[in-house]
1. Name the single residue, out of those in region 1-51 being over 10 Å from the mean Cα position of the chain (by Cα) and surrounded by 13 or more Cβ atoms within 10 Å (Cβ to Cβ), that is modelled with the lowest pLDDT.
2. Consider residue 60 carefully, then state whether it is modelled with pLDDT of 75 or more and assigned to a helix (DSSP H, G or I).
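The values are calculated or read from the model by the stated rules, or taken from the named source; none is laboratory data. Bear in mind the structure is a predicted one, so any value in this text is a computation, not a measurement. Ideal geometry is used to build each Cβ from the backbone, glycine not excepted, and the neighbour counts take in all protein chains shown.
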């Protein structure tokens, strides 16, 4: 896995995380997230690990697909 591949996919993961953070609602007490803080931690961790899992899926798929 090259560094360019990793950076490209981690930027995609960060983009998805920013979309989640954008989905904050405002009520009379202030801002709150749509899901819990533990879900936010899970999203951030999966953002960091996203390129590795994507690489593994592509590697397995390309090795086991029959060539035409």
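1. 33
2. Details: modelled with pLDDT of 75 or more: yes; assigned to a helix (DSSP H, G or I): yes.
Answer is yes for this residue.
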